[in-house]
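One structure is given below, encoded as structure tokens.
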Amino acid sequence: MRIFSGIQPTGRKHLGNYIGAITHYVAGQDLGESIYCVVDLHATTVAYDPAALRESSYDTAATLLAAGLEPDRCIFFRQSDVAEQTELCWLLSGVAAFGELGRMTQFKDKSASQRDLVSAGLFFYPVLMAADVLAYRSTDVPVGDDQRQHVELMRDIAQRFNARFGETLVVPEGRYPAVGARIMDLQFPERKMSTTGTSPQGTVYVLDEPDVVAKKIRSAVTDSGAEVVRAPDKPGVSNLIEILAAVRGTDLEAVEHEFDSSGYGEIGRASCRERV
Ligand code: TYM
């Protein structure tokens, strides 16, 4: 097994990154050869300040090291230091279809939020992501649920390349966490927790002090009911169940069962007590 994953150095890393990706990078070090990359070139697809990007690449690297990446047990590097990845991106662009790139939901969302310029880089983003993974003949790609479409696209690109030029590239599998693949904003639980576009109060940052984390969890939006169960009309409570199960390493049913008669206050307090 050869694992590859990447993380953008933009903004502060949050609980969604941590639960959906970073903990799985750390665990991957025990499962096989692991390669992790701070994808600074992906961050140039939207407006950026070069000096700030350089700084935040170091900050992101420090966060991952603090979370448990060990450079003698994995390969950990910055994307722009390996020029071959961008070179492969160009070669893959010959088998990436214009139409499928335009259908990527992240491209549609991100391009809609750009004020001045929708860059061609934003459109090309998934091809560079494919190059990251395919350059290393990686077999497994641990990511959160929001990257599913990009992983499917890189599989299509690899298959198309192989069909045209003979078996060259390894077709990788996406690995999505069974619990915590899509952590939602605590204030707007119908939206994904993310660096951009959500509320600071609803986003738990990995560098938040424990009392700040507890406050954000305590003020998480729930609903007027009392039952601690997952349901489409209970996005806030479903999210808290997901978060608690993920940080405890248990399944979702165990959390529902534990709190089935105690109401929302208790699951909030239990979540505040957990240390990640
Ligand atoms: P990025 O930097 O946006 O996010 C890093 C990882 O965090 C996951 N994630 C989440 N998981 C659960 N709940 C959430 N709310 C949440 N928000 C983010 C993401 O799924 C991701 O795994 N395009 C990628 C970076 C990339 C990459 C790659 C990934 C570039 N090349 C090659 C894998 C393989 C991205 O923007 O991730």
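Restricting the search to region 204-223, which residues are over 14 Å from the mean Cα position of the chain (by Cα) and not aliphatic (A, V, I, L, M)?
ASP208, GLU209, PRO210, ASP211, LYS215, LYS216, ARG218, SER219, THR222, ASP223, listed by residue number.
Select, from LEU128, LEU92, LEU88, LEU53, the only residue that is closer than 16 Å to VAL151 by Cβ, more than 12 Å from the ligand (Cβ to nearest atom) and not β-branched (Val, Ile, Thr).
Step by step, each of LEU128, LEU92, LEU88, LEU53 is checked, and only LEU92 is closer than 16 Å to VAL151 by Cβ, more than 12 Å from the ligand (Cβ to nearest atom) and not β-branched (Val, Ile, Thr).
Listed here are the residues, each with its yes/no results for (1) under 19 Å from ALA214 (Cα atoms); (2) surrounded by 15 or more Cβ atoms within 10 Å (Cβ to Cβ); (3) of a type in the set (A, V, I, L, M, F, W, C).
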site: PRO142; (1), (2), (3): no, yes, no
site: ASP145; (1), (2), (3): no, yes, no
site: SER199; (1), (2), (3): yes, no, no
site: THR203; (1), (2), (3): yes, yes, no
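Tell me, please, whether a residue that is part of a helix (DSSP H, G or I) and acidic (Asp, Glu) can be found in region 233-240.
No, every residue in region 233-240 fails to be part of a helix (DSSP H, G or I) and acidic (Asp, Glu).
Within region 29-43, can you find the residues that are closer than 28 Å to SER113 by Cα and either surrounded by fewer than 17 Cβ atoms within 10 Å (Cβ to Cβ) or among the aromatic types (Phe, Trp, Tyr) (or both)?
Hits for region 29-43: nothing passes.
Results for (1) out of contact with any strand residue (DSSP E or B) (no Cβ under 6 Å at 6 or more places or on another chain); (2) under 24 Å from LEU15 (Cβ atoms); (3) in a helix (DSSP H, G or I); (4) aliphatic (A, V, I, L, M), shown as yes or no for each residue.
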{"residue": "PRO126", "(1), (2), (3), (4)": "yes, no, yes, no"}
{"residue": "MET129", "(1), (2), (3), (4)": "yes, yes, yes, yes"}
{"residue": "HIS150", "(1), (2), (3), (4)": "yes, yes, yes, no"}
{"residue": "ARG160", "(1), (2), (3), (4)": "yes, no, yes, no"}
{"residue": "THR168", "(1), (2), (3), (4)": "yes, no, no, no"}
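Return the residues of region 215-224 that are modelled with pLDDT under 95 and farther than 15 Å from ASN239 by Cα; say none if nothing qualifies.
Within region 215-224, SER224 is the sole residue that qualifies.
The values are calculated or read from the model by the stated rules, or taken from the named source; none is laboratory data. This one's a predicted model, so the numbers in the text were calculated from it and none came from an experiment. Here the Cβ is made from the backbone with ideal geometry for all residues, glycine too, and neighbour counts use every protein chain on show.
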